[in-house]
Amino acid sequence: MPILALVGLLGVLLLAWQAPANAQTPRFYDELEFPPLRDIEIPAYERYTLPNGLVVYLLEDHELPLVSGSATFRTGSRFEPADKVGLASLTGDAMRAGGTTRLDADALNQQLEQRAASIETSIDLSEGTASFRSLTEDTEAVFGLFADVIQRPAFANDRIDLLKRQYSGSIARRNDNPDGITSREFRKLVYGADSPYARTTEYATLAAISRADIQQFYQASIRPEQTILGIVGDFDSAQMKQWIAASFGDWQPSGVELNATMPQVNQARAGIFTVAQPQLTQSYIQLGHLGGQLDYPDHAALAVMNEVLNGFSGRLFNEVRSRQGLAYSVYAFWSPRYDHPGLFVGGGQTRSEATVPFIRSTLAEINRMRTTPVTADELAQAQDAVLNSFVFNFQSPGQTLARLMRYEYYDYPQDFVFQFQDQVRQTTASDVLAAAQARLAPDQIVVLVVGNPEAIQPSLDSLAPNTAVTPIDITIPQPGA
């Protein structure tokens, strides 16, 4: 190769080559720049009501050949009798497990398996749900089965007996997990052991539930005028309306309507409590008090407060975990509910000898929220975190539809999320301080420690020298006791 040509080739190669270090210069995370997130957009949907009172939401989404739906029923375990705790949950499970009056459980399971479809039912604290998922081509058949499960459950005795045995097994195992003990007993201390928001299923309440009770609770709860039906996916709305009319148009309520008087909520106890678990090498801690609802006027400020306290850049993480090294995880959240007071709850897990320092440090940071305004940087970072988190709640049309149905169920405005966004943007440091002072109540704090009392040094008595530490007995009442 001529020398001139060789030199030219080397020159081209040198010009084309760039040092990888120059092309991929590492940058710190706080040097990264991202474009602002797009505004949340609610996709087009249709809402209408059948003559029998059933509310319907339809939202077409043709990205995948799938259709899913859910029915939400105005019911909940908070309305079940105190001597039959477990009735609502058992009713919700038995609706699906026992098959229908047209198809027994095995035949129903087989038809769903052949179509790779699913139908599930449940009743929790504040609502009941039934849901289905299906391939587009099987939608009509699966939707017919879904309607059958809702309107004609068989409540087969053998399936009810099986569910009762499973529930009994859960009662027997409920003290196996320290986390479960802490969460359960903390709720009992705040709401009261007999409150519908904290009580637990016992062998005696389970034994008191008959098939007739289940049938009666079902008739009282699962009624067209108390149901919101939502369907999302790859369907034609005109066709879907015909299927809905054919499957649900003639549905009429039966039996006596549920007495849905809302339970009264007041904080039951305050102070320091302990559950002795000598086998544990660390303490499981929860502390807090009765909280509030999502429609409180300072809800946005409290959401911002949550971000200031929590997360990798939060005050609790920086002080209790990173600087003092008292725990791997620590948290404190204002956790509101739609229609009844939620909780303000904090806590974490730590080695036994660090229990008291952990509690003191966590309470000190909570109290600092009431006494010291957040900085401008904290406020901006917390607002960004709250606003940016919305994208995870609207990732799919199904999530959007579920949120719209939830707002209707709890009688919230359909634009509640947008009102909340505006309120977060307008929140000031003074708003956060005022909300913390109004809602965080040091004199109502419940501190619960599940751990080994002998290894907790200094002892829990040192937290409040003039206050007794109350032990809690978690012995499970045995059948017939």
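If I ask for residues that are polar (S, T, N, Q) and open to solvent by 40 Å² or more (accessible area, probe 1.4 Å), which ones from the stretch 121-167 would you list?
Across the stretch 121-167, the qualifying residues are Ser122, Thr129, Ser131, Thr136, Asn157, Gln166.
Here are some residues: Asp422, Asp443. Which one is open to solvent by 70 Å² or more (accessible area, probe 1.4 Å) and either in contact (Cβ under 8 Å) with a residue 60 or more places away in the chain or under 30 Å from Gly233 (Cβ atoms) (or both)?
Asp443
Within the stretch 397-417, is there a residue that is modelled with pLDDT of 95 or more, on the phi > 0 side of the Ramachandran plot and out of contact with any Lys or Arg (no Cβ under 7 Å at 6 or more places or on another chain)?
Looking for residues that are modelled with pLDDT of 95 or more, on the phi > 0 side of the Ramachandran plot and out of contact with any Lys or Arg (no Cβ under 7 Å at 6 or more places or on another chain), one finds at least one in the stretch 397-417, hence yes.
Since Thr355 meets every condition but one in (1) surrounded by 22 or more Cβ atoms within 10 Å (Cβ to Cβ); (2) part of a helix (DSSP H, G or I); (3) in contact with a helix residue (DSSP H, G or I) (Cβ under 6 Å, 6 or more places away or on another chain), which condition does it not meet?
Here Thr355 meets the rest and fails (3).
Would a scan of the stretch 397-415 turn up a residue that is in contact with a Pro (Cβ under 8 Å, 6 or more places away or on another chain) and of a type in the set (Ser, Thr, Tyr)?
Yes.
The rows are residues; the columns are (1) assigned to a loop (DSSP other than H, G, I, E, B); (2) surrounded by 12 or more Cβ atoms within 10 Å (Cβ to Cβ); (3) not small (Gly, Ala, Ser).
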{"site": "Leu37", "(1), (2), (3)": "yes, no, yes"}
{"site": "Glu41", "(1), (2), (3)": "yes, no, yes"}
{"site": "Thr75", "(1), (2), (3)": "yes, yes, yes"}
{"site": "Arg78", "(1), (2), (3)": "no, yes, yes"}
{"site": "Ser89", "(1), (2), (3)": "no, yes, no"}
{"site": "Leu108", "(1), (2), (3)": "no, yes, yes"}
{"site": "Ile119", "(1), (2), (3)": "no, yes, yes"}
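For the list (1) open to solvent by less than 20 Å² (accessible area, probe 1.4 Å); (2) touching an Asp or Glu at 6+ places or on another chain (Cβ under 8 Å); (3) in a helix (DSSP H, G or I), I need the number of the one condition that Ala332 fails.
(3)
Using the structure shown, decide if Asp106 is free of Cβ contacts under 8 Å to residues at least 12 places away in the same chain, out of contact with any strand residue (DSSP E or B) (no Cβ under 8 Å at 6 or more places or on another chain) and either of a type in the set (A, V, I, L, M) or farther than 29 Å from Gln239 by Cα (or both).
yes
With the checklist (1) without any contact (Cβ under 8 Å) to a residue 24 or more places away in the chain; (2) farther than 20 Å from Gly398 by Cβ in hand, flag the one item Ala116 doesn't pass.
(2)
The values are calculated or read from the model by the stated rules, or taken from the named source; none is laboratory data. Since the model is a prediction, treat every value here as computed from it, not as a measurement. For neighbour counting, all protein chains shown are included, and Cβ atoms are generated from backbone atoms with ideal geometry for every residue, glycine included. Heavy atoms of the whole protein, side chains included, go into the accessibility calculation; ligands, DNA and RNA do not. Shrake-Rupley method; radii C 1.70, N 1.55, O 1.52, S 1.80 Å.
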